[in-house]
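Contents: one structure, followed by commentary.
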Ligand SMILES: [Zn+2]
């Protein structure tokens with residue numbers, strides 16, 4: 001049987017929110033079979049559980065925000081991406097503020113935390129969402145066009161293309177393909193950081209956003225170059241971060257995909273629209289599990305691979 005996964009033990013992190021600049025503590029806890037991933041706002045008078053699913057996403061400006069009633073958690077995508085990359089099915093995330101800490105701006109600190117806690121195989125089959133028919137969302141025309149689609153594929157593959165003209169980006173790859181059956185998430189994707197421009201940072205700050213952002217947790221560019229003294233972590237770090245974000249956004253559906261995702265200039269909003277479009281079409285997917293590990297698509301059956 002290909003089994004569900006949780007953590008062996010709990011693990012903790014402290015950091016600041018990218019937008020709020022607020023100090024926040026996270027405790028990642030093992031959870032029983034079929035719990036899914038739950039964010040628990042433990043700072044509220046009555047703790048509130050927010051179960052991730054496509055409809056729990058209530059805001060996609062700058063980051064993915066999930067809500068239950070008045071309780072919110074902003075910027076869930078990098079932690080969700082790490083859970084997707086490591087195949088974590090069940091997890092309770094205690095959080096003491098409204099925003100997940102940004103840490104180093106990538107998913108690698110979350111990968112490190114999850115791997116340090118150890119991954120436990122549980123006594124129930126892992127459930128996948130297998131795409132049976134192509135579902136696509138599209139917006140804009142000509143130069144402004146952007147789109148994202150899910151297609152049937154015997155594995156999990158993501159292909160992303162950006163169209164981003166800037167001297168620091170032009171020379172790097174604008175397109176990248178990540179295939180779970182061939183590549184290693186922790187090594188190839190997880191270290192890619194979020195990026196931004198000094199002029200946008202100033203504008204965001206004047207609106208009370210990006211208060212926790214800086215050279216420690218983002219690639220920052222002026223009009224000509226990358227300002228971080230140690231440069232880029234990957235030659236194509238920008239587009240790899242878009243894959244990292246997409247993996248987090250897609251995992252909000254609550255199960256790993258067996259599908260191919262292809263996107264051109266997509267973002268948090270469009271990724272969530274794609275999930276909703278899929279769920280609106282019940283004949284476009286099915287839920288499957290694997291009694292025989294050998295029948296599972298490549299990359300899923302293996303224990304978590306390290307760096
Ligand atoms: Zn991101």
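The values are calculated or read from the model by the stated rules, or taken from the named source; none is laboratory data. As the structure is a computational prediction, the values presented were derived from the model and not from experiment. So basically every Cβ, Gly included, is an ideal-geometry build from the backbone, and we count neighbours across all protein chains shown.
When we screen 78, 19 for residues that are within 28 Å of residue 191 (Cβ to Cβ), buried (at least 19 other Cβ atoms within 10 Å of the Cβ), within 16 Å of the ligand (Cβ to nearest atom) and modelled with pLDDT under 95, the only hit is 19. Residues in the stretch 85-104 that are within 16 Å of the ligand (Cβ to nearest atom) and surrounded by fewer than 24 Cβ atoms within 10 Å (Cβ to Cβ): 99, 103, 104. One residue alone among 250, 244, 232 is within 15 Å of the chain's Cα centre (by Cα), buried (at least 17 other Cβ atoms within 10 Å of the Cβ) and either modelled with pLDDT under 95 or closer than 22 Å to residue 145 by Cβ (or both), and that residue is 250. Quick check on the stretch 22-32: of everything there that is part of a loop (DSSP other than H, G, I, E, B) and surrounded by 15 or more Cβ atoms within 10 Å (Cβ to Cβ), which residue is modelled with the highest pLDDT? The residue in question is 31. Quick one: would you say residue 10 is closer than 22 Å to residue 124 by Cβ and exposed (fewer than 15 other Cβ atoms within 10 Å of the Cβ)? So residue 10 fits the description; yes. When the stretch 266-293 is filtered for residues that are within 16 Å of the ligand (Cβ to nearest atom) and either in a helix (DSSP H, G or I) or under 18 Å from residue 85 (Cα atoms) (or both), the ones remaining, listed by number, are 268, 269, 270, 271, 272. Taking residues in the stretch 50-65 that are on the phi < 0 side of the Ramachandran plot, and partners anywhere that are in a helix (DSSP H, G or I) and within 16 Å of the ligand (Cβ to nearest atom), the pairs with Cβ atoms closer than 6 Å and at least 6 places apart or on different chains are 57/272; 60/268; 60/269; 60/272; 64/77; 64/249; 64/268. Among residues of the stretch 78-96 that are touching a residue at least 24 places away in the same chain (Cβ under 8 Å) and closer than 15 Å to residue 9 by Cα, those with a beta-carbon under 9 Å from a residue that is within 16 Å of the ligand (Cβ to nearest atom) and in a strand (DSSP E or B) at least six positions away or on a different chain give the pairs 93/73.
Of the residues making up the stretch 105-134, those that are within 16 Å of the ligand (Cβ to nearest atom) and not in a loop (DSSP other than H, G, I, E, B) are 108, 109, 110, 111. The criterion of at least 3 residues that are in contact (Cβ under 8 Å) with a residue 40 or more places away in the chain is met by the following helices (runs of 4 or more DSSP H) wholly inside the stretch 165-265: 167-170, 185-188, 237-251. Can you name every residue in the stretch 49-74 that is closer than 28 Å to residue 122 by Cα and either within 13 Å of the ligand (Cβ to nearest atom) or assigned to a helix (DSSP H, G or I) (or both)? Answer for the stretch 49-74, where residues must be closer than 28 Å to residue 122 by Cα and either within 13 Å of the ligand (Cβ to nearest atom) or assigned to a helix (DSSP H, G or I) (or both): 54, 55, 56.
Every condition in (1) outside any loop (DSSP other than H, G, I, E, B); (2) without any contact (Cβ under 8 Å) to a residue 40 or more places away in the chain holds for residue 137 except the one numbered (2). The lone criterion from (1) in contact with a helix residue (DSSP H, G or I) (Cβ under 7 Å, 6 or more places away or on another chain); (2) outside any loop (DSSP other than H, G, I, E, B) left unmet by residue 147 is number (1).
Do we have any residue at all in the stretch 112-122 that's without any contact (Cβ under 8 Å) to a residue 40 or more places away in the chain, surrounded by 15 or more Cβ atoms within 10 Å (Cβ to Cβ) and farther than 19 Å from residue 62 by Cα? For the stretch 112-122, residues without any contact (Cβ under 8 Å) to a residue 40 or more places away in the chain, surrounded by 15 or more Cβ atoms within 10 Å (Cβ to Cβ) and farther than 19 Å from residue 62 by Cα: present.
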